[in-house]
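Notes follow the structure.
What follows draws every value from the coordinates through simple rules; no lab data is involved. What you see is a predicted model, and the numbers here were worked out from it, not measured in a lab. So basically every Cβ, Gly included, is an ideal-geometry build from the backbone, and we count neighbours across all protein chains shown.
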Amino acid sequence: MQQPPPTGHMVVCGDDALAERLAAELHTVYRETVTVVVPSARASDATPAGSAGRAATALLGRLQAVMARATRAAPDGVAPEPRVLESPAPDEATLVEAGVREAAALALVHDDDETNIHAALAARRLNPRLRLVIRLYNRKLGQHLEELLDQASAVAAPGLDLTTVDTSTTVLSDADTAAPALAATAVAGTSKVVHADGLLLRAVERTPPGHGQVADPGLCTLALLSATTNDPAGAEGSDDDDQEEGPQLLPDARTVAGATGRGTVVLETVSHAGPAQTPGRLTRRGLPFGSFFSPRLRWSLAGLTACVLGLAVANWVAVPGAHPLHAGYLTLLDLFAIDDPALDEPASRQILQLLSGLAGLLFLPVLLAAVLEALGTFRNAAALRRPPRGLSGHVVLLGLGKIGTRVLARLREMDIPVVCVEEDPDARGVPLARRLRVPTVIGDVTDEGVLESAKVHRAHALMALSNSDTTNLEAALYARSLKPDLRAVLRLYDDAFATAVYRTLRAAHPAALTRSRSVSTLAAPAFAVAMMGRHILGAIPVERRVLLFAALDVAGHPQLEGRTIEESFRAGSWRVLALDCAAPDDRLPDLTSAPPEDGTEHPAGLVWDLHPGYVLRPEDRVVLAATRQGLAELLGRRPRVRSSHASGTRP
């Protein structure tokens, strides 16, 4: 029988892959005692189809396998094996049994927002000191929920000093965490992007330099890619690759210089991207004037308008002493057959009246056609667009679920042409595609002709982001048969399966680019760091591994405090990239928050070109790139040895 968890442990409640990855992250990287609450298979089997029960059983089996594998691979001193608790729902009784009253942090990562909200409210009542990390897709609701739960701490414990304890509430979305990396992979192929509201970090992969050439290191080298330049079926793409052959994160200069024939990931550009939208972007959301009428109708209207103007000028010349406006008025009366017949007037006036009547006969059907076309345009504005005939160089996005919707928004923010393919006409992202006027094909991607309708043979890239690994693979294989050099990005959960797919596709199509991405793998580090009381700015995938960007106060970290930028660097663990130059009182509490939109100026931002000899002071805040293990050590979850640099005098 399992013993109850000790005080200060971590609790994870979830029903999908993110719960597994997060529990493994806390257990192996941060060495925390973890309790995992998973759905009860028996209770779920009561559903008519029993699919929920089978999913819960599979989740429990996978969780146990992941934990067993992680425990075998973990170094000595790892925390006790996670405790797994089965329950139909994360209600108050379940949370009490999981030890929430004594826990340090609770992660609610169910796929259902309502379930997570109910559990968060119950957990805050049970433990006002609890650090909450909640998975919510609705970002606006998440902002209000953070404020509500933080205020609830003060109400539940009136004597609690919130300045001395960490009772923070962090709302994250796995879709938002993974979307920038997925979109960047499809758009730029090998580029890595972390976009956290006002902060934009961009990194790119660079191919190995030629003989006698030196690779441009950019601002810094973030990683060495796998040694697979001459082996298309090499070891790239797995977390379990050999250290020498697999990717190496944050290498030192000597390692980079000696890694001949290997590609690199370097930090190339850093810029500030505010939330303001330009007028051009706003106008693109509406219907342009030219879309109301067809080109033939526009030319007809222009010709008739010129004809009427010519008749008005002729009337002005034919009637001596007539005012130009009066001549135009007479022409309009003749055009619509309202004026009296010009029986007693000169022949020129009679001829002009006949010509005006003839123009009126031609003008009425054209006017009727214009009205009908305009009504048709408004009617079709609410419908999904079809891909234009001459479309090329676009991205075909398969799947408009939670992940696909966020990726679609990212692609449109970058003005990338997109064609969506979705089987369910009521999918979550269909309204967004309709509002953004994105061409969408409704149909099963496995049916013949669906990908052809999306013009995949002329596309720049295919993003297969559906919930089914086999569907994504089938779509990629069929698309490659239509266009062998097509760039393909697949969302795959199983790491072993993803590695096999990557190697096979790369061997079969060595000239094409293939990438496999796991949303849970990209999102789990962000949730784990939030549970430890820190916020990360984003995550960059390096093959099947993840490099984290985090903001950290120097005070209390002997690995940073009192050291120079060069001395603080630890190969394979962390590297300081930027310094927050704003005064401590003027700093944004969270660098991932958007700049103020009320007209106030943003405080002095981040400085990226740091001198290697700059000494880090306790009052400084830095942005660093770190591996998961390195960030865990910085947060104090591994033994630390204070060197003489921490207490010595600064140079």
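Assuming R0 = 60 Å, can you tell me the calculated FRET efficiency for the pair Phe336 and His460, based on Cβ-Cβ distance, to the nearest 0.05? The value I calculate is 0.70. When each of the peptides 415-424, 306-315, 391-400 is scored by how many other beta carbons lie within 10 Å of its residues on average, the order from highest to lowest is 391-400, 415-424, 306-315. Maximal additional length on extending the Ala571-Arg125 stretch stands at 156.2 nm, based on 0.36 nm per residue less the C-alpha distance.
Ordering of 458-468, 331-341 by packing is 458-468, 331-341, highest average first (other Cβ atoms within 10 Å, averaged per residue).
With R₀ fixed at 51 Å, the C-beta to C-beta distance from Thr470 to Leu372 puts the FRET efficiency at about 0.65.
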